[in-house]
1. Go through the stretch 218-231 residue by residue and turn each phi into a ³J(HN,Hα) via Karplus (6.51, -1.76, 1.60, θ = phi - 60°); whole Hz please, and just put x for glycine and proline.
2. Setting aside same-chain residues fewer than 8 positions from residue 46, which lysines have a Cα under 18 Å from its Cα?
3. Roughly speaking, to the nearest percent, how much of the chain's 1.4 Å accessible area is carbon and sulfur?
4. Counting helices only, and only those DSSP H runs with n ≥ 4, report the 222 nm mean residue ellipticity of the chain as the sum of -39,500 (n - 2.57) divided by its residues, in deg cm²/dmol to the nearest 500.
5. Could you order peptides 611-617, 593-599, 656-662 by the average number of other Cβ atoms within 10 Å of their residues, highest first?
6. Across all directions of projection, what mean area in square nanometres is found for the Cα convex hull of the stretch 366-425?
7. How many angstrom lie between the C-alpha centres of the stretch 671-746 and the stretch 328-363?
8. I'd like the antiparallel share, as a percent to the nearest 5, of DSSP beta bridges with both residues in the chain.
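The values are calculated or read from the model by the stated rules, or taken from the named source; none is laboratory data. Just so it is clear, the structure is predicted and the values come from calculations on it, not from any experiment. Note: ideal-geometry Cβ built from the backbone for every residue, glycine included; neighbour counts use all protein chains shown. With ligands, DNA and RNA removed, areas are computed over all heavy atoms of the protein, side chains included. Shrake-Rupley method; radii C 1.70, N 1.55, O 1.52, S 1.80 Å.
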Amino acid sequence: MQIMETLLGCFGSRFTLHFLPRRHQVRLSPLGKFYDLPWHLTLGFKVGDTSRILPFAGEAPANGSSQVFPEIEMELTATSLTFRARDRQLNLAATFVFTAPFYPQDEPVSLSPFFYLDVTLDQTPADKTVQFLAGLALAPDAAQTGVIREELAEAKLPYGGVVEAQYREIKGHWGPADPPDQLSRQTFQAPVALALHSWPQGVEPTFEGTEAGGLAIGASGPLAAGSSFGLLLATYLDGPVLEIKEQFYTFKYTRLWPDLAAVCRYAVTEQENIRAKTAFFDNMLLESSLGKAKTDFIGFTFQSYLINTWWAVPQNASASDPDQNGAAVDWWSVWEGNCVFHSTVDVEYNLAWVYLLLWPALLEKTLNQWRGYLQQDERGVWLSHDIGGLLGANRQVYGHGMEVEENCNFVLLVYALWRFSGRSEVIEANRAVVAELIRFVLDSDTTGNGWPNRGTANTIDDASAAVQFGREQTYLAVKALSASFAARRILEGEAEYLELIEECRRHGQQANQTLQEQAWLGDHYAVTLDRTTDGLTNPWTGQPLPPGELDGWNAHSLYTTNGLLYLLATDTGNGANLPPGNYDRYRQDLEASLRHSLSEYGCTHSSRDRSNIWVSQNLHRDLIAGYLGDDLAEMTERYWAFQQFENSQGRGGGFVDTYGANHLHYYPRGITSLGLLNALAGLRLDRVAGIIQFKPVRLPLRLPLPALADWPSGRLPWANFRLEAGRVVLDIENEDLLGGLKVELL
């Protein structure tokens with residue numbers, strides 16, 4: 001593919017590489033995006049007196065002594081970026097591979113704050129001397145100076161060095177003038193190491209400081225085609241990085257390694273294991289039948305997800321200190337991209353596939369943390385929209401609540417995790433809160449029709465009034481209908497909740513009756529039952545809307561079926577595990593809305609509200625379509641085309657979730673795309689019932705089953721579907737990993 005803006009990040013550890021080829025620059029930060037500074041990263045080769053480098057070392061000097069390769073292609077996986085560079089006139093070609101190690105449920109591999117950089121000389125002129133070039137220095141416009149520190153001899157990296165840089169507070173990404181926590185107003189310092197750990201036999205590397213205070217590594221000698229160099233780019237930020245409930249936390253990796261030298265030593269001595277695991281994870285996508293556009297898109301979205309993750313531990317606590325649930329005390333959260341909110345509930349609701357399929361314990365940890373951020377007033381108990389912002393997680397910092405929506409999201413995620421994992425501990429820990437939250441949802445219907453009409457502002461905060469905060473929204477009615485069904489299942493068998501369980505049952509029946517009798521408009525459901533603005537208040541301003549018709553109340557909407565996905569993905573009872581509803585109409589609504597709101601890069605909020613596209617919400621809709629029998633996976637090509645445009649010619653921003661006036665960028669929610677692995681197979685998993693079902697929407701099809709992987713032993717089941725004599729045939733590789741689940745092909 002063409003070279004474009006991209007990012008790599010270390011899971012939970014915030015070390016981030018931000019490649020900006022249009023600016024001839026890399027931004028680099030041990031504290032992650034928005035705390036990064038511009039750096040000059042020199043990588044390439046010198047042929048005689050002519051240098052060819054990647055476009056990350058600043059603008060080429062006027063005399064042309066250092067020039068960018070004229071041809072550069074890029075490849076990506078979930079954990080790596082590869083740049084293939086060539087100069088045909090010089091007969092020079094080289095490959096540069098950056099890798100951010102990751103392996104599900106393996107903390108040392110995934111949390112390690114370093115990148116591998118592998119450089120291979122693929123083609124070289126036979127009649128000229130070739131020299132390898134590598135260098136790292138703060139760019140002049142960073143307004144900071146770097147200093148050379150001692151070699152990393154302890155890590156047995158004789159040509160290592162360290163650049164120390166200061167990271168200043170975030171600028172321009174925060175609403176209040178003064179962030180409420182202490183750390184967000186502070187600055188940070190951390191070393192960044194560039195180390196050469198392997199080189200061709202017979203070559204003698206050189207290591208020296210530069211006038212600008214950076215590092216320069218060279219190597220000349222018999223550099224034939226096939227010569228390769230291995231480098232590390234590593235960091236170590238000690239000290240507090242988060243303030244959580246007014247307590248300071250440090251990166252969790254500081255518990256695994258005492259210093260930067262130890263990180264580098266681990267990277268070198270364990271690299272065979274680390275690289276093998278990282279490649280195994282990458283191949284989960286690459287060996288599927290998804291095709292290149294989808295695997296590229298999922299990989300790209302995973303990279304933007306990683307740069308938003310935080311994994312930390314209390315500064316003064318022992319690693320063995322238990323919390324209230326008996327687990328080691330630590331903190332997990334995910335920034336909401338440029339919005340920098342921690343673990344925004346509606347965002348995590350969409351991207352929860354990354355937990356359900358790869359690391360369920362992190363969703364369980366998130367649910368545990370959310371319970372500490374409940375709010376209450378005379379209406380009842382509701383969940384905060386977020387649990388903090390910037391470097392603080394003390395309280396919600398978003399401007400207003402989304403009470404009904406976030407309560408429903410919590411209940412549905414508890415249910416999904418329970419059915420996917422089979423762990424009764426999930427409902428035992430969350431049952432009481434589920435009861436409080438669903439009580440609020442039921443009481444939010446003050447008219448008796450089963451539809452919430454208060455607390456209905458929602459996450460779609462760049463949409464029209466009808467879509468964003470209409471009183472009786474179909475979107476929230478169906479989500480509440482789904483959540484009350486899930487709550488019944490979570491609460492059943494508990495005598496103290498018998499009355500609430502019955503209320504949930506009656507609510508489901510009434511809400512569905514209203515849906516079918518009042519909201520159905522022939523080929524779709526209305527956006528809202530409200531047809532006028534009478535009494536409707538804008539939650540941002542607190543002011544009533546001007547009187548008149550509520551524009552777009554009867555439009556085709558992207559969001560009607562949003563609340564159904566996790567119930568569909570766990571329904572192994574042929575509809576018995578779904579709330580009451582007309583699922584043929586749901587499918588009709590989805591198909592009609594697609595036709596009426598489709599644009600170049602996806603569907604707008606509604607056929608009337610065409611202000612913005614949210615890619616992640618399109619993805620969520622596509623997954624629902626798969627479970628309803630429609631194959632919309634090719635929509636991914638539109639989303640991928642948008643990302644390539646945005647990061648090569650547009651505003652940039654890694655995964656950009658919005659096309660239109662809004663610009664949600666460096667955003668984590670694109671990893672919703674991982675759900676394609678289940679939705680295309682029509683995979684319904686219920687470990688509580690002991691059943692797994694398949695109903696693929698396309699053939700032939702080969703997909704991994706990561707939710708059933710044995711990650712410690714490196715084994716992964718695969719589902720292979722094909723058509724034989726007019727019938728669908730399923731073969732499962734490593735079927736023993738299904739652990740006795742009953743397999744059904746629908």
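1. Each residue's phi maps through the Karplus curve to give x, 7, 10, x, x, 8, 8, 4, x, 4, 9, 10, x, 10 Hz.
2. Residue 46 reaches 128.
3. Details: 11790 of 25750 Å².
Accessible surface attributable to carbon and sulfur in the chain totals 46 percent.
4. Working: 18 runs with 204 residues, N = 746.
Using -39500 (n - 2.57) per qualifying helix, the result is -8500 deg cm²/dmol.
5. Numbers: 611-617: 23.3, 593-599: 17.7, 656-662: 20.1.
Result, highest mean first: 611-617, 656-662, 593-599.
6. If I average the Cα hull's projected area over directions, I get 4.9 nm².
7. 25
8. Working: 127 of 136 bridges.
Antiparallel: roughly 95 percent of the beta bridges in the chain.
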